[in-house]
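A.B. asks: Have a look at this one.
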Amino acid sequence: MASSLKIMIGDTIEVISGRDRGTRGEVMRLLPRKRRVIVRGVNVRKKHQRQIQAAGRTMSPGIIQFEAPIHISNVMLVCPKCDEPARVGYQIEGKNRQRICRKCEAVIKGG
Ligand SMILES: [Zn+2]
């Protein structure tokens, strides 16, 4: 049984609340237990890295940018047909469960 998240890696989502509201991005990682996802270009944080010693070499310090996880309640899957954030439903077809857009009933592929 797949995770209960309706979002899968590779999906395009739109942020519906918070600082990044309206931003779209591709889902890179799922954190199902935390009900969070990591989305490319969304919730970007900067981390200042101090100089570190690695394998006898000194790495130059710098700013690392990384995407912090965002709660799934703050994102919605973008329907490829409507091109809008969509409520997702399921349609059973034989053994398979497909995600569909509740608005236009297009099948949303992914996973
Ligand atoms: Zn749709």
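A.B. asks: Please work out which residue is nearest to the ligand (Cβ to nearest atom), limiting yourself to region 92-111 and to residues that are open to solvent by 60 Å² or more (accessible area, probe 1.4 Å) and under 19 Å from the mean Cα position of the chain (by Cα).
C.D. replies: As a first pass, look at region 92-111 and keep what is open to solvent by 60 Å² or more (accessible area, probe 1.4 Å): 92-97, 102-103, 105, 109, 111.
Still in the running and under 19 Å from the mean Cα position of the chain (by Cα): 109, 111.
Numbers: 109: 13, 111: 18 Å.
The residue in question is 109.
A.B. asks: So, one more: Would you check which residues across region 33-43 are part of a strand (DSSP E or B) and either loosely packed, with under 15 Cβ neighbours inside 10 Å or not hydrophobic (A, V, I, L, M, F, W, C) (or both) and list them? Outline the logic, then answer.
C.D. replies: Taking region 33-43 as the starting set, the residues that turn out to be part of a strand (DSSP E or B) are 36-39.
The answer is 36, and nothing else.
A.B. asks: Okay, next question. Just name the residue that is farthest from residue 5 (Cα to Cα) out of those in region 33-63 that are under 13 Å from the mean Cα position of the chain (by Cα) and of a type in the set (Val, Ile, Thr).
C.D. replies: My answer is 44.
A.B. asks: Pick from 77, 30: which is within 16 Å of the ligand (Cβ to nearest atom), outside any loop (DSSP other than H, G, I, E, B) and closer than 17 Å to residue 5 by Cβ?
C.D. replies: Values: 30 fails: within 16 Å of the ligand (Cβ to nearest atom).
Answer to the check: 77.
The values are calculated or read from the model by the stated rules, or taken from the named source; none is laboratory data. Predicted model, so just to flag it, every value in this text is computed and none were measured. Note: ideal-geometry Cβ built from the backbone for every residue, glycine included; neighbour counts use all protein chains shown. Side chains are part of the model used for accessible areas, which takes the heavy atoms of the whole protein and leaves out ligands, DNA and RNA. Shrake-Rupley method; radii C 1.70, N 1.55, O 1.52, S 1.80 Å.
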